[in-house]
1. Do you know which residues across the range 349-374 are surrounded by fewer than 17 Cβ atoms within 10 Å (Cβ to Cβ) and more than 16 Å from the ligand (Cβ to nearest atom)?
2. Mind listing just one residue for me: the one in the range 208-220 that is more than 9 Å from the ligand (Cβ to nearest atom), under 19 Å from residue 175 (Cα atoms) and surrounded by 14 or more Cβ atoms within 10 Å (Cβ to Cβ) and, of those, farthest from the chain's Cα centre (by Cα)?
3. Please go through the range 165-175 and give me each residue that is closer than 24 Å to residue 122 by Cα and within 14 Å of the ligand (Cβ to nearest atom), ordered by number.
4. Residue 224: in contact with a strand residue (DSSP E or B) (Cβ under 8 Å, 6 or more places away or on another chain) and surrounded by fewer than 19 Cβ atoms within 10 Å (Cβ to Cβ), yes or no?
5. If you go through the range 205-220, how many residues are assigned to a loop (DSSP other than H, G, I, E, B) and either at positive phi or in contact with a helix residue (DSSP H, G or I) (Cβ under 9 Å, 6 or more places away or on another chain) (or both)?
6. For the range 185-199, enumerate the residues that are farther than 16 Å from residue 140 by Cβ, in contact with a strand residue (DSSP E or B) (Cβ under 9 Å, 6 or more places away or on another chain) and surrounded by fewer than 19 Cβ atoms within 10 Å (Cβ to Cβ).
7. Could you say which residue among 73, 101 is in contact (Cβ under 8 Å) with a residue 24 or more places away in the chain, at negative phi and under 21 Å from the mean Cα position of the chain (by Cα)?
Ligand SMILES: Cc1cc2nc3c(=O)[nH]c(=O)nc-3n(C[C@H](O)[C@H](O)[C@H](O)COP(=O)(O)OP(=O)(O)OC[C@H]3O[C@@H](n4cnc5c(N)ncnc54)[C@H](O)[C@@H]3O)c2cc1C
């Protein structure tokens, strides 16, 4: 990383990336940098910017990691993750939306039938139909295998869904979803199955406003005897949890990269602030203690970037890099919290003012240590890989 240059035509964050990747990132950055007005309006009013989903897909989000034969771009893990860094740097709500839509597309691509791909994946990749993914319930968070939503088999061969999912991103703005439910609670995790459900099936969504990522919704999704046909099973009956795990490495990498984007935005804002604001007749940048804060932000950001990119390269090389993706998620998300806290400190009171960029970065950074596995669950995953014993059960 060049320490002397700011955001130039060839950003130092793009060093060591090949020209094809830089070209993809350049298009994405150009689009994202034009979202200032819609960002401010949506953050203020907590509005989901549905109108930007199609252009996001056009510049490579969501379609990126999907194989070409399914209508995607066939990007590498590294390229897809770097795109998420761009999104996180610009607007974490966009990164969150892109992450969920990508997960839904990946699961449909991996396990969907020809009919399911044509009904859900093709319109999703065109930006015509949006999807959500639901595993979490109030009593089944980190322990997803404890989920209680029931899928009762009907004599017709279909299923009746009953239960309630919680914290489901963008369910209120979407047309369909993938929901995990158990066909037989006595089977434990082996009863858990993935189903495709559509709004017209009759599920109900209830929004619960949350602190971070204000331009996405967080919803309960209620199933009160919602009936679906047998063609709505995604993948195999009883294999829903393992299907969900197929998206786990990419999901964790995406969050990690988005966190580096937040950290980079904190660094950019802090450099700008300390080189323009004066106190005691000098620029803040001239005080050693202020320099230390900015240097800590820059060092953490650089280290976190290297970690998510090395994990992505391992996945691209075909290595089962589960522990490395957990390390990236753990380090990058905790670093984003640490860096955003420092950025607020660098800014003083203005950094806590509602509507200020750093205030948004601080709130959005705080989100990242919880979804896609909390920091504690990542630690336990890494501990198991390193030491050969599970500290969970
Ligand atoms: C912004 C956001 C978006 C989300 N979007 C979705 C979505 O689209 N779809 C979806 O299905 N879910 C979603 N979630 C839910 C998310 O996956 C859960 O919040 C997460 O799995 C943690 O579950 P929990 O919140 O119930 O916390 P809990 O599991 O109750 O954990 C509470 C605390 O206890 C700790 N803890 C729990 N078990 C252990 C243990 N064995 N050892 C040590 N510590 C432990 C946790 O680390 C945490 O600190 C979202 C969450 C957020 C915040």
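The values are calculated or read from the model by the stated rules, or taken from the named source; none is laboratory data. These numbers were taken from a predicted model, which means no experiment stands behind them. So basically every Cβ, Gly included, is an ideal-geometry build from the backbone, and we count neighbours across all protein chains shown.
1. 349, 350, 352, 353, 354, 355, 356
2. The extreme case among them is 220.
3. Correct list: 168, 169, 170, 171, 172, 173, 174.
4. The answer is yes for residue 224.
5. Applying the first criterion (assigned to a loop (DSSP other than H, G, I, E, B)) to the range 205-220 yields 208-217.
Restricting the remaining residues to those that are either at positive phi or in contact with a helix residue (DSSP H, G or I) (Cβ under 9 Å, 6 or more places away or on another chain) (or both) gives 210-217.
Qualifying residue count, the range 205-220: 8.
6. Residues satisfying the conditions are 198, 199.
7. Numbers: 73 fails: in contact (Cβ under 8 Å) with a residue 24 or more places away in the chain.
Being in contact (Cβ under 8 Å) with a residue 24 or more places away in the chain, at negative phi and under 21 Å from the mean Cα position of the chain (by Cα) holds for just one of 73, 101, which is 101.
Each row is one residue, and each column tells you yes or no for (1) under 20 Å from residue 245 (Cβ atoms); (2) in a loop (DSSP other than H, G, I, E, B); (3) free of Cβ contacts under 8 Å to residues at least 60 places away in the same chain; (4) within 16 Å of the ligand (Cβ to nearest atom).
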site	(1), (2), (3), (4)
97	no, no, no, yes
152	no, no, yes, no
163	no, no, no, yes
190	yes, no, yes, no
